[in-house]
Amino acid sequence: LSFEGLIAIGRDGRPQPRLAESWSVSPDGLAWTFHLRPNAFFHDGSPIDSTAVKASLEQTLGSSARDFSPGLLDIIGVDTPSPDQLIIRLKTRSAFLLDDLVVSVTKPGPGKQLIATGPYVTSSTSPADVVMKAFPRYYRGVPTIEQIVWKSYPTARTSWAAMMRGEIDFLYEVTPDARDFMTGEASVEAFSFLRNYVHGVVFNSRRPMFKDARVRRALNYAVDRSAIIDGVFKGHGVPAYTPTWPQHWAYDTSLPTYSYDPGRAIALLNAAGVTLNSPSSAPKGPPARLRFKCIFPASLLWERMSLLVQRNLSQIGVDMQLESLPLDEFNRRIATGDFDAVLMDLIVGNATSRPYFFWYSTSRQNPWGYHDDMVDQALDHLRYAANDDATRAAFRDLQSQMLNDPPAVFLAFGETTRVVSKRFQPTTPPGGDIFRTISEWQLAGGIPAGSTN
Amino acid sequence: LKHITSRIVLLVAAAAILPLLAYGAVSIYSLRRGTQTSVISGNINVAKRAAQEIGLYINTNVKILQTLASDLEDTNLQPWQQDRILKNYVLQFPEFREITLYDATGAQVASSRVGASKVQIPQKGTPFGTDVTMSPIAVDDDLLPTSVVGIRLLNAGQASGWLVGQINLEEMWHMVDLIRIGQQGFALVVASEGQLIAHGDPNEKARVARGDNLKDNPLVQLIHRQGDKEPVSTEFPEGGRQFLGVAAPLSILGWTVIVQQPRAEAFQVADQLQQQLIVVVVFALLFTIAVGYVWGRSFVRPIFELIRGTAAVGEGHLDERVTIESKDEFKQLGDSFNSMADKLVELTDDVRKKERQAMFGRMAAGLVHDLSHPVQNIGNSCKLIVRVFDDPEYRQTFTRTIDREIDTLKRVLDDLRNVARPAAVERFPLDINRSVADIVESMRGFAEESGIALDAKFSPEPVIIEGDVFALGRVYRNLITNAIQATESGGRVTVTTLRDRDKVEVRITDTGSGIPPERLAAIFDDFVTTKKRGLGLGLAITRRIVEQLEGTIAVTSEVGKGTTFTMCFPMALRPVAVAAAAG
């Protein structure tokens, strides 16, 4: 809510104007001209001109944030011919540039604080809560809600219980098992949408047991995705087979997918030479042709999902042992590669650059050691696509090759639910997230503006 | 007339309206009572069934755990095997949030949770059989109600550990949410200590999360007072509305299942039926009244017609007839009335004819009597005068006789003329004493001839009236003559004048034979007489003259003792001097 970039990416992957109200590209695709909004300001009141944006971009390129923004890596220079015009020069054509210009435009503030441009200004931060106040000079209008107080709860169940008690006005996320309660609650309104994160068991491709793509394909065939959607998301989700966003304009829905086929999985494992061990070899687990440990963040949602996958895999003689970890430890284990597999969710949308930094072989955000030349090639084609046709073809190649050489068992895209007190009338973007429009929410008739949580 | 109308109204009321009202009142009462009883009974059945289902839900969960426990007992499974079984159970039965196996020392052996268990072995609670305990409802880390079931495990008859399952009460909420009565009726579940553990009303579900305690709820108190055995019902206010609440005990757990519904909705059907019945009864009442009114009018109309006809006939309109259209007894009555009226006309005509004949006969007889004597006297005198014409004395006698009889004939003719065309009076102030004295003096000779004493008693003061001295003389003469004629020789006739304030009375009293009472009323009519002879015009003429002088005349009589005629005239307002001058 505090931060905003030059552009935003819609649910379909198309760019939308933000601080830049329009843009154009040179015929060779190497120079992009952006026209900045004349009425946009930083939270300190200073105008957002081309010089400030250039400084912000240079600061991003000089930080680790560039690892998440491959589209920015091709920038060779930024020109500021006028305060409201910015020209970005590239060393090569890049289809990722717009995707990654969603990075926040900021300027340095006192201490290590960053001065941003969004509709709300963070006024205080403490372990208990974060307080935000409406930015009165926000270029899209002053938000109706004057102050937002963010509180964190140890579990999702705790948070919706607090919502039911009327202690909070807005619940960022409701778990699927509580969704029905909240949608039936008369004092609140629930808004569900498909979250652009894919849930999956990602393998550590460096481990020998996962080197053979047949093994990974076998595990994909062994998982009953519809049972997971029913058991975890209460039916509110769609199955996932690749780390690509199914609502992206370039997504190819005609490609074959993994069906739930344990027999085929066993055949693939047998073909890969992964056979059943004798019982005595594993006193702490069942007899298994393959045994590995899967870590996941400690929560009932992940736990239930892991148990369902575990049960599926056990049916083909694969023993997936589970380890629940606190979030910090979980992140550390991933960063250090200390895992066989990890159950997690990965952002895949809405931009095409997202798969790039997770799955490109040399990406610094590829901790699973996944390397497939054809996938790299598809990602490169995606990155340097000159037009929509090229993007569509590259997207298809990426989907296809990741089905052939899956880095993970991608399970599902789940719906998530935001819950709002009926004191408010949120603006609902079509198929999207009401959180993104919080600055446009109105108050229900007759209720004075105040703080919300 | 009013009595008949009133009676008809009372008849309609008694025969139709009152029974209809009574029927309506009884029906409404019975309907309300019956419908309310039915609604309460229905809601109680819902509450009982909900209690059974919730009991079954808990019982089933306990049995699932018991089944699991039996799978784990005496099977010498490896911990990993037990672990997988527990995990599969939780996946298969979402009613459990967690199932954990503890050994006899309380150490965790296996759990559906990945990692350390978060449930404890229940130390106290509701026993389910010998080795099963359900903990009281408690608030968990998320401030939501929860309960734990613990099953003691045996190995070769020795306690070997516990199987503990945390029941997902939120799953029970789904069950409670499905219990709906009407649009606004819902169920709620209250634990033994009063904790609200499920609420079916979406507006009130937050109360579970708030940890509301309903031990003061009237239904909870009522069912506890009755020993948690039988369903109860009552009405109570909540949130500004009146609710119909029923409660059924879930005895095995000590819980109470409440089903409550806004009273207006619960009895909506009863209210609608009552309103419809009221409308029907009112409509029937109006219809009955309308029918009664129309029927009553048709019933009374012939009576009105008969009354009108009777009154008209009574007033002498003998040609009046009644018209009755109906074909019932009233028609017969009307026809009889018309026939009677026809007959009455005939009889009246006959009577009048006979009266005329009788009067004519009486007049003829009177005239013969009154005229024959003087005519005979004149005739005899005329025959005699021829023979004794030379007798001068007789000629004088003849002259007197002829004059007298001629006077008599003239009086008779005057009377007849007076009846046909009354002579006008000329009124002047006169002293009544003087006028009476003149007549008395003039008739004293006639009285003495009849052997009657004629006396006069005068008022000591002059009494002046506006009168006609000649007309009054005729009046006095008529009455004194009648009195003398009605009195036997030796009797007395007294004429008295007296003043009574502004009135003057003249009384003529005789000691004669008197007049029978039945004839007194008609003696002043024309041609009515108590005498054996005469036209009977004297008293009629007398009364007419008295009334022309603004006076009155009355008679009192007693047979054998005599008769008194009393005339009363108003005193003249003129001065006495004028009256005196006039006299």
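Every number here is computed from the coordinates shown, using simple stated rules; none is lab data. Quick caveat, the model's predicted, so the values are computed rather than measured. Note that we place each Cβ from the backbone using ideal geometry, even for glycine, and neighbour counts take in every protein chain shown.
Overview of results
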read-out	value
Inter-chain Cβ neighbour average for residues A:307-318, partner chain, 10 Å	2
Packing-based ranking, highest mean first, of B:563-571, A:429-437 given that Cβ atoms within 10 Å are counted	B:563-571, A:429-437
Cα-Cα pairs of region A:352-394 separated by more than 11 Å (percent)	60 percent
Using θ = phi - 60° and Karplus 6.51 cos²θ - 1.76 cosθ + 1.60, couplings along region B:518-523 (whole Hz; Gly, Pro as x)	5, 9, 4, 5, 10, 6
Percentage, to the nearest whole number, of Cα pairs in region A:237-375 over 20 Å apart	60 percent
Ratio Rg/Rh, restricted to region A:88-184 and using Cα atoms, in which Rh is the Kirkwood radius	1.10
Karplus-derived HN-Hα couplings along region B:179-187 (A = 6.51, B = -1.76, C = 1.60, θ = phi - 60°), whole Hz, x at Gly and Pro	7, 10, 10, x, 8, 10, x, 8, 10
Enclosed volume per residue, in Å³, of the convex hull spanned by Cα atoms of region B:271-331	81 Å³
Residue order, fewest to most surrounding Cβ atoms within 10 angstrom, among A:Thr125, B:Thr323, B:Thr552	B:Thr323, A:Thr125, B:Thr552
All aspartates and glutamates inside 12 Å of A:Lys151 as judged from Cα atoms, apart from same-chain residues fewer than 8 positions distant	A:Asp129, A:Glu167, A:Asp169
Where labels lie 7 Å past Cα in the beta-carbon direction, separation of A:Thr253 and B:Asp525 in nm	12.5 nm
Partners for A:Lys211 among lysines (Cα-Cα distance below 22 Å; same-chain residues under 8 apart left out)	A:Lys293
Percent of C-alpha pairs per 10 Å bin, region B:7-150, short to long	9, 27, 21, 10, 8, 7, 7, 6, 4, 2, 0
Residue-averaged beta-carbon neighbours from other chains (10 angstrom radius) around A:157-170	4
Cα-derived Rg to Rh of region B:338-480, Kirkwood definition	1.14
Kirkwood Rh and Cα Rg combined as Rg/Rh, region A:318-453	1.10
Amide proton proximity set for B:Trp162, modelled H, under 5 Å, gap of 5+	B:Tyr102, B:Asp103, B:Leu153
Peptides B:256-263, B:6-13, B:180-187 ordered by average Cβ neighbours within 10 Å, highest first	B:256-263, B:180-187, B:6-13
Residue-by-residue Karplus 3J(HN,Hα) for region A:338-350, coefficients 6.51, -1.76, 1.60, Hz, glycine and proline x	8, 6, 8, 8, 9, 9, 7, 10, 10, 6, 10, x, 9
Assigned charges on the beta-carbon of Lys, Arg, Asp, Glu; chain A dipole about Cα centre (debye)	640 debye
Partner aspartates and glutamates for B:Lys331 [C-alpha distance under 14 Å; skip if fewer than 8 residues away on the same chain]	B:Glu305
Relative contact order [Cα under 8 Å, 6+ residues apart], region A:307-453, whole percent	10 percent
Along each principal axis, Cα extent of the protein assembly as shown, largest first, Å	207, 89, 54
Unit Cα scatterers, Debye sum, chain B: log10 I(q)/I(0) for q = 0.10, 0.11 Å⁻¹	-0.98, -1.06
Cβ-derived FRET efficiency at R0 45 Å, B:Asp216 paired with B:Gln272, nearest 0.05	0.85
log10 of Debye I(q)/I(0), alpha-carbon scatterers only, for chain A at 0.05, 0.06, 0.08, 0.09 Å⁻¹	-0.20, -0.29, -0.52, -0.66
Relative contact order (percent, whole number), chain B, Cα cutoff 8 Å, 6+ residue spacing	9 percent
Links that overshoot a 18 Å alpha carbon limit, given the list A:Lys422/B:Lys205; B:Lys354/B:Lys410; A:Lys112/A:Lys133	B:Lys354/B:Lys410; A:Lys112/A:Lys133
Relative contact order (%) - criterion: Cα under 8 Å, at least six apart; region: chain A	22 percent
Amide H contacts of B:Glu98 (H built 1.01 Å from N, under 5 Å, at least 5 apart or other chain)	B:Gln166
Cα-projected label distance for B:Ile303 with B:Ala13, points at 7 Å along beta-carbon direction, nm	1.6 nm
Net length gained if the chain between A:Ser82 and A:Thr144 were fully extended (0.36 nm per residue, minus Cα distance)	19.0 nm
B:Asp438 paired with A:Lys422, simple spin-label distance in nm, labels 7 Å along Cα-to-beta-carbon	12.1 nm
Amide H partners (placed H, <5 Å) of B:Val493, local residues excluded	B:Ala453, B:Leu454, B:Asp455
Estimated FRET transfer efficiency when R0 is 22 angstrom, pair A:Ala335-A:Phe3 (beta carbons, to 0.05)	0.35
Exercise: per-residue mean of other protein chain Cβ atoms within 10 Å, B:203-212	5
Extension gain, A:Asn404 back to A:Gln377 (0.36 nm per residue minus Cα-Cα distance, nm)	8.3 nm
